[in-house]
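First comes the structure, then the notes that go with it.
The numbers here are math on the coordinates, done by the rules we state, and not lab data. Computed from a predicted model, the values in this text were never measured in an experiment. Note that we place each Cβ from the backbone using ideal geometry, even for glycine, and neighbour counts take in every protein chain shown.
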Amino acid sequence: MGNDYRQRRRLREEIRHHGHMKHRRRRALFLLFLLVFGYFFIYKPYKIIKVRGSELEASAKKVKKAFSQNDIDLVEKELNDFSKTYKKLEREVRPLYLIAFVPYAADVINSVEAGHYTVEGAKEAVKAISPYADLIGFRKGQASFSEKSAEERLQTAVLTLDKIVDRIDPISQNFEQAEKRIKKINPNRYPKKIVGIVVRQRVENIKNQVLGVSTFFVDAKPLLQKLPDILGKDERKTYLVLFQNDKERRATGGFLTSYAVFTVDKGTIKKESSDDIYQLDNSISPHPKAPREILAYHKGVYNFYIRDSNLSPDFVESIKLFNTLYEKSSRKVKYDGIITLDSKVLADMLTIFGDTEAGGVVFSSKQDDRCDCPQVIYQLFDIVDRPVNYVKEDRKGILGRLLEALLLKVLGFSPSKYWGPFFANTYENLQTKHILLYFTDKNIQQSVEKLNLGGRIQDFDGDYLHVNNVNFAGAKSNLFVTETLESKTIVDTTGKIAREVIVNYRNPYPHSDCNLERGGLCLNAQLRNWIRVYVPKGAKLVEFKGSETDVNVYDDLGKTVYEGFLRVNPLGKAQVAVKYTLPETVSSKDYQLLIQNQPSADTQTLKVTVKGRKAYDDKFAKDFTLKQRL
């Protein structure tokens, strides 16, 4: 009996020991599998991507440098070298396709494939441009095009644009494929940091960069395809050019100072007319009564004039107001588009093309101590605004002459030396809203708006902010006043979002001599500032400090608006502080914030904090977007 018991016990122990050993072997095999799997599918791909990433970054810098040198042959060479390095990366991450069902592996695959299509799209673009590179100043050592006259250059460029545009489809198809793949990546599945290294934000940044490039080409396609038509390939086009004096801030950038009419016919550009905006206003009779905003805030103005028509922060809405008056003018022309420019555009062109003579006056981009601004700005003010004891002929028409002289330089100078910097600078000024575009062709206009080149107040599914400042009868004080815009997002324990917006104004310069009898040039005087704060529709105002008038609250452009008025004296400062709560439609889980800058307002600084943490603190030159889980 005892022996049987001991035998059964020994048998049980042997079975248990055997089970333990089997479990240990399975666990050991599983650990070995994890080590092998981790090495081949995680560690090795990570090391490969890290090494190839450094190589690709160095190669990308060479491509960028080649672009800056305006040498298409060098660009093509460096881009091909970049492509070869990228193909090595593609080959080395192939093992990840075996575990594509794992989300992180799928993200790597999608990002690599998106990069592949982006590279192919860039190569297609270079192929399209290469045969005509000398036409846009992108090939060195080509003399045939530069030997032609200015008129022949543009005609040749317009007539060959069709051949480049024919290649748009394969280019955009590649970028569409890149966009499709990059959208699949979800940065929120990654931790914010791993061992002190920022991860989630880096993934978000890479995704946004690739998505930005691909989306740009997809959205730009209609505009690019219409370029030959815009430049009058088949029929003459007429464009109204409006100069916005950004030193006298208005809703869409600046006071409408002067205008010019240009026609483009098969590449031949001609200035039909240019004049003082006051002459355009004089061609209208009678003028209607001024709208509420002008009667309330504009000093001594009771009628509605073209020069004051850009009242809406939305450029298209301001054009509608402009047209209600322009249609009554005896000088009106049927236009195909409107282009607005400001003083920065003039200064930039003078920097690129050098000093330029117009109307017997030499204009320069060099700094002028009399205003601590480019000489062209002071010179124009001196011609246009300084009172004299004689009649100045065509005083504001001088701007049209200067634009025409600069345009001739654009066409007449060496493409390889000047056109690259000019086009790059023009695109930058479009992005920063120093140039605004409007076209009567609906397809072109839709593309312009998708590219955010049309000065629209955007619809946005999330938190939103736009602060719009208008100088009503405050001299040219925006030349001297700087602004700091602070945006604070506060979230309580229940998830309710409160917002605080603070705008600080400072004028560190003394008052100008504004005595008209002495012939003073009144540039810096008291700023009379009409301010509107655009926030999500349904936001509830808690407090508005700093307005000298009662605060108006209303809806406009799909937003709720808080409106006030303040003054800023020379050597003085002022502050507006607005507190409000957001509607429940704005979620704290996937919080998104869009802050749109005002066109031409290049003296602003933006500071953004969310739950006390700094998200941005820099110059406010472009629209700012933030996506963050609160």
Overall form of the range 427-497 per C-alpha gyration tensor (a/c, 1.5; a/b vs b/c): oblate
Nearest-0.05 FRET efficiency for Thr585 and Ser54, computed from C-beta distance (R0 51 Å): 0.70
Label-point separation, Lys417 to Lys127 (7 Å along Cα→Cβ), nm: 3.5 nm
Calculated FRET value between Phe216 and Lys87, using beta carbons and R₀ = 25 Å, to 0.05: 0.55
Förster radius 56 Å - calculated FRET efficiency between Ala615 and Ser330, Cβ distance, rounded to 0.05: 0.60
Equivalent ellipsoid semi-axes - Cα gyration tensor, the range 240-393, angstrom: 27, 20, 16
When each of Lys221/Lys540; Lys247/Lys289; Lys88/Lys417 is checked by Cα-Cα distance, pairs over 30 Å: Lys221/Lys540; Lys88/Lys417
Semi-axis lengths, Å, the range 463-628, gyration tensor of Cα atoms, sqrt of 5 times eigenvalues: 33, 16, 13
Sequence ranges 188-194, 216-222, ranked by mean other-Cβ count within 10 angstrom, highest first: 216-222, 188-194
Two-site label geometry, Asn205 and Lys622: point separation in nm, points 7 Å out along Cα→Cβ: 1.4 nm
Of Lys207/Lys607; Lys537/Lys611; Lys193/Lys433; Lys192/Lys619, those spanning more than 30 Å from alpha-carbon to alpha-carbon: Lys193/Lys433
Bridge type composition, the range 237-450 - antiparallel percent by DSSP, nearest 5: 85 percent
Packing rank of 454-465, 249-260, 95-106, where each peptide gets the mean count of other beta carbons within 10 Å, highest leading: 249-260, 454-465, 95-106
Label point distance in nm, Asp166-Lys193, each placed 7 Å from Cα along Cα→Cβ: 5.7 nm
Assigned charges on the beta-carbon of Lys, Arg, Asp, Glu; the range 463-628 dipole about Cα centre (debye): 380 debye
Burial ranking of peptide ranges 557-563, 285-291 (average Cβ count within 10 Å, highest at the top): 557-563, 285-291
Convex hull volume per residue in cubic angstrom - Cα atoms of the range 329-386: 132 Å³
